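Worksheet for the structure shown next.
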Amino acid sequence: MAITDLEARPTPQMPRQAAPGTGPQPAWAPGRQLPVSAAPLLVLTLMWGGAASTVAWWWLSTASVHGLAGWLIGAGRVTGLGAGYAMAVLLILMARIPWLDRAVGTDRLVRWHAMGGRYAVSLVVAHAALILWGYSVSAHANPVEQAKTLLLSYPDVLMATVAGALLVAVGISSARAARRRLQYETWHLLHLYTYLAIALSFSHTFATGEQFTSSAPARWAWSGLYLGAAGAVVWFRFLVPIVQSLRHRLTVAAVRLEGPGLVSIYFSGKNLHRLDAQAGQFFRWRFLTKDLWWAANPYSLSLDPATEGLRITVKVEGRHSEALMRLAPGTRVFAEGPAGGLTAARRRRRKVLLIAGGVGVTPLRAMFASLPADYGDLTLLVRAASWPEVPLRAELDAIARRRGARVGYLVGRRAQGYDPLHASALQQLVPDLRDHDVFLCGPEGMTAAAHAALRQAGVPRRRIHTESFAF
Ligand SMILES: Cc1cc2nc3c(=O)[nH]c(=O)nc-3n(C[C@H](O)[C@H](O)[C@H](O)COP(=O)(O)OP(=O)(O)OC[C@H]3O[C@@H](n4cnc5c(N)ncnc54)[C@H](O)[C@@H]3O)c2cc1C
């Protein structure tokens, strides 16, 4: 039951109701879902608990601190330990560990990683400055002379200094202003230098860190932390995708142009159900062609993988997405995933509202087709600036008809005064809005506006589930 009469209206109406019982409706029952809302809190508690333990360990293993030099060197040591701990946590957050990804959500992990990165780089800078200052005071030397002595006498310190400079460079390249100017690929390549920085800095921790030189258990614990983090990265980021791709032998089955600048890629392979992908999730796709083998870009599944097969639908944004239009059937594909926590497991309520912005409809299209729902319990709103920019419209209408679900198109330009993503408009569209779980996906600005409107309309934060397409 699609509506087509919502173009550029400030208070659009919902469609007429279809006859009850049209199409099979898998029922939804509460209590079958995992308690995933507690998972982010648990992971945060573990992370901060680890940080607190690191500081406590420094405190307990430091015999006494005397004078200005002692305090400066002590502060330098604790900031160094903090930086080392933060780096290991940053690796783990980005290791693409499936349960972490599903429970916390990839975009939230990325936000934590970005925030943690700022802490880590600040701690590295503070560590270097405090240690240098402390040793200068202790040796009655000026900081330049002292820096020379430290760099020339201790090869581990020299390597760690190079590592620190690399980390600062990565931090600068990740600052918002720099990110906007850099191509994604350039930024990503620079980011890979973090691995080199970690390798370069590792030895100075054991060679010069007072907490380690005198304690074998401390060295074992620290090595365990780093081995665990490195193992997770190698296993989940490299080995699992290779094994998975060899096992499933994924290939491009068909490429279909959906509209101007919008293309769908269908995949075939062996035992695809064993990928255990869920509607709402995404993979990082590496197409083995001459131009594309080096890039793995994230695209969400736009079909329900359990019942409809594997497909992505891509809006042309730049070089990678544009090249997908020319893919030949039979092209081999490495798919890393499934990833992302925007799945039915987050649902708590019988009624569900899906709000999509433009091509953000892809994961929600898969959920729209598959979420168990009774007649009238499932609503999809698609925000787009113009009708040609509404992706997959015929499919959405067909699903709505088949399932007795509701779909509404919020079409119009904000520049022309059309703004349906505010509390009163949403309440008019979905009168019992507060009784819904809401899944949101689209560009950052759109999801932020919809999130604020939903909160204002009284939907609790824990029932608004978002995924941003911007990493
Ligand atoms: C979880 C997730 C799911 C997504 N699902 C879809 C989808 O179903 N359909 C769709 O059309 N788009 C989707 N996107 C967006 C899509 O990944 C980018 O538009 C695409 O990678 C752009 O690459 P490009 O070379 O064509 O354009 P560029 O002009 O090179 O990139 C445009 C922007 O896309 C982002 N981007 C580029 N490469 C990557 C990468 N390897 N990893 C992460 N971000 C990258 C960057 O923010 C970049 O600024 C999704 C993004 C994410 C994060």
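The values are calculated or read from the model by the stated rules, or taken from the named source; none is laboratory data. Worth saying up front: this structure is predicted, and the values here are computed from it rather than measured. Glycine also receives a Cβ, built like all others from the backbone with ideal geometry; neighbour counts cover every protein chain displayed. These accessible areas exclude ligands, DNA and RNA; they are computed on the full protein's heavy atoms, side chains included. Shrake-Rupley method; radii C 1.70, N 1.55, O 1.52, S 1.80 Å.
The alpha carbon gyration tensor of segment 249-339 gives principal lengths a ≥ b ≥ c with a/c of 1.5 or higher and a/b greater than b/c, which makes the shape prolate. In this structure the amide hydrogen of residue 380, modeled in the peptide plane, comes within under 5 Å of the amide hydrogens of 354, 406, 407, 408, none closer than 5 places in sequence on its chain. Label 7 Å along Cα→Cβ of residue 398; segment 248-270 residues with amide nitrogen under 20 Å? Zone members listed by number: 253-268.
Relative to the dominant Cα principal axis of the chain, helix 361-370 is inclined by about 60°. The slack in the chain from residue 144 to residue 289, taken as 0.36 nm per residue of separation less the alpha-carbon distance, amounts to 47.0 nm.
Protein heavy-atom surface of segment 37-244, 1.4 angstrom probe: 74% of the accessible area is carbon and sulfur, with nucleic acids and ligands not counted. Shape index of segment 347-468: Rg/Rh, with Rg the Cα radius of gyration and Rh the Kirkwood radius from the inverse mean 1/r over Cα pairs, equals 0.93. Residues in segment 74-90 carry Karplus couplings, in order, of x, 5, x, 5, 5, 5, x, 4, x, 5, x, 5, 4, 4, 5, 5, 4 Hz; the curve used is 6.51 cos²θ - 1.76 cosθ + 1.60 with θ = phi - 60°, and Gly or Pro positions show x. Site pair residue 110 and residue 162 shows an inter-label distance of 3.2 nm when each label is modelled 7 Å from Cα along Cα→Cβ. Normalised by the number of residues in the chain, the average gap of Cα pairs under 8 Å and 6 or more apart makes the relative contact order 21 percent. Per the Debye calculation on the chain with a single equal scatterer at every Cα and no solvent contribution, log₁₀ I(q)/I(0) for q = 0.06, 0.07 Å⁻¹ amounts to -0.34, -0.45. Spherically averaged projected area of the convex hull of Cα atoms, segment 37-244: 13.3 nm². For the residues 48, 112, 285, a 1.4 Å probe over the protein chains yields an accessible-area ranking, largest first, of 48, 112, 285.
Note on segment 71-91 and segment 437-451: Cα centroid distance 37 Å, given to the nearest whole angstrom.
Heavy-atom surface analysis with a 1.4 Å probe gives segment 347-468 a carbon and sulfur content of 47 percent of its accessible area. For the peptides 435-441, 290-296, 175-181, 124-130, residues were scored by their other Cβ atoms within 10 Å and the scores averaged per peptide; the highest-first order is 435-441, 124-130, 290-296, 175-181.
For residue 279, the residues whose amide H sits under 5 Å from its own are 306, ignoring neighbours fewer than 5 places away on the same chain, with H placed 1.01 Å from N.
Here the relative contact order of segment 347-468, from alpha carbon pairs under 8 Å that lie six or more residues apart, stands at 31 percent.
Under 15 Å from the Cα of residue 290, which aspartates and glutamates turn up, not counting those fewer than eight places away in the same chain? Within reach: 322. Normalised by 2.2 N^0.38 Å, where N is the number of residues, the C-alpha radius of gyration of segment 362-416 stands at 1.17. As a fraction of the 1.4 Å probe accessible area of segment 249-339, surface on carbon and sulfur atoms comes out at 52 percent. Return the whole-Å distance between the Cα centroid of segment 372-424 and the Cα centroid of segment 40-54. First find each Cα centre; the distance between them is then 40 Å.
Please give the per residue accessible area of the chain, computed with a probe of 1.4 Å over protein heavy atoms only, in Å².
48 Å²
Counting only alpha carbon atoms, the long axis of helix 216-232 and the longest principal axis of the chain meet at about 30°. Computed over segment 343-397, relative contact order equals 42 percent, with contacts defined as Cα pairs under 8 Å that lie 6+ residues apart.
Each stretch of four or more DSSP H residues adds -39500 (n - 2.57); spread over every residue of the chain, this sum gives -15500 deg cm²/dmol at 222 nm.
Taking +1 at the Cβ of each Lys and Arg and -1 at the Cβ of each Asp and Glu, which of 453, 386, 224 sits farthest along the dipole of the chain towards its positive end, judged by Cα position relative to the Cα centre? About the Cα centre, the residue reaching furthest to the positive side is 386. Relative to the longest principal axis of the Cα atoms of the chain, the long axis of helix 106-139 makes an angle of roughly 10 degrees.
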